[in-house]
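Below: one structure, written as structure tokens.
The values are calculated or read from the model by the stated rules, or taken from the named source; none is laboratory data. The model shown is predicted, which means the values in this text are computed figures rather than measured ones. Here Cβ is always computed from backbone atoms with ideal geometry, including for glycine, and neighbour counts include all displayed protein chains. Ligands, DNA and RNA are excluded from the accessible area calculation, which covers all protein heavy atoms including side chains. Shrake-Rupley method; radii C 1.70, N 1.55, O 1.52, S 1.80 Å.
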Amino acid sequence: MAVQAAAALLDELMGRYRNLAPSDKTKELNWEDPEFCKYYMVKFCPHDLFVNTRADLGTCPKVHDDEVKALFEKSNSYKKQTYEDEFIRFAQSMLNEVERKITKGKQRLALMSKSEPPSTISVAQTQKNDEQIKLLSEKINSLVNEAEAAGIEGNVEQAQGLMKLCDQLKEERETLKKQNDNSAWSQTAELAAAQEKQMEVCEVCGAFLIVGDAQSRIDDHLMGKQHVGYARLRSSLDEIMAARAKEREEKERRREEERKERSRRDDVSDRRRDRERERNTNTDRRHDENRHSVREYDRDRERDRERDRDRDRERKRDDRVIKRRSHEREDRERERERNKKSRHDDRHHRRDRSRESHRRRRD
């Protein structure tokens, strides 16, 4: 912890690239790099809340950088959702643990007036258990980091084995915590019985408080790291969940507006199609009427032409008849002329023969 504080101070005074040579190129910051703490970028790192308390999570193995956090807040990447989910899971697990502590504390206070307190363990054993709990917490954090690294590298079986070992260590840590809690409960119960003062459980951090205690002690408790840390976890978790609920409502509202807009456009399109269909129907009707008028006109013209053709045929027929009759009349006239001439010639011929005959007889 002291080393990290010294490094942070040097970074603030000399810059993060203080160890680079003048010719070395600086690495561009990227909030997606695995070296940076995801929890710190989302809100804050829970490892910094309970330093030097019974709920101490140990030193965070990741880097806390304000510039990277600013880049994360400005980014619009979908991966931010994953970071927030991890923060929510971690914060919720810690709050679930303190909720169980609060429930157990209330149960102990309820049993305090009904039964004698259980046997207590010595102060030395309690201190030893605290040291063992701290060592187990550090080992659990180390195994969790190793499991995450193995999962990233694709070693699923190794990661599962490490997580099983973590669960075993957590059970051992819970056992030690129960022993210390029982001891603390017994001592508190004895003290309460001795002083005949009523106790209560803090609804935020699960600590035992004396009802009607001095205001200075109450203020000290409210300003303590555990109380402030759990309160900050609750407020941050509520803030994230409220923001997500608001975002879901906003998305639902936008979807509803888009649905209404699509419905309105569909209605407008339907009305436009109906009007277009009606116009087409009227146009087709007019075209039909026009075609009918054209057909009527064509039929009339055709009838007129047919009458003209009939009249022409009749006239031609009459002309042929007249012409034929004229020819027949001329033929008759010629025949009469020929007959008349023939008779005249016959008379002359007979007269000539008669004369000839008469002359012969005279001779």
How many residues of segment 108-134 are at pLDDT 80 or above and open to solvent by 60 Å² or more (accessible area, probe 1.4 Å)? The answer is 1
Among (1) open to solvent by 60 Å² or more (accessible area, probe 1.4 Å); (2) assigned to a helix (DSSP H, G or I); (3) modelled with pLDDT of 80 or more, where does G229 come up short? (1)
Taking S142, is it modelled with pLDDT of 75 or more and either hydroxyl-bearing (S, T, Y) or not in a helix (DSSP H, G or I) (or both)? yes
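Residue-by-condition table, conditions (1) in contact with a strand residue (DSSP E or B) (Cβ under 7 Å, 6 or more places away or on another chain); (2) part of a helix (DSSP H, G or I); (3) open to solvent by 60 Å² or more (accessible area, probe 1.4 Å); (4) more than 30 Å from K128 (Cβ to Cβ):
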residue	(1), (2), (3), (4)
G58	no, no, no, no
K69	no, yes, no, yes
E73	no, yes, yes, yes
T82	no, yes, yes, yes
Which count do you get for residues in segment 208-226 that are closer than 16 Å to V98 by Cβ and either of a type in the set (F, W, Y) or open to solvent by 60 Å² or more (accessible area, probe 1.4 Å) (or both)? 3
Test for E302: is it open to solvent by 90 Å² or more (accessible area, probe 1.4 Å), out of contact with any Cys (no Cβ under 8 Å at 6 or more places or on another chain), assigned to a helix (DSSP H, G or I) and of a type outside the set (A, V, I, L, M): no
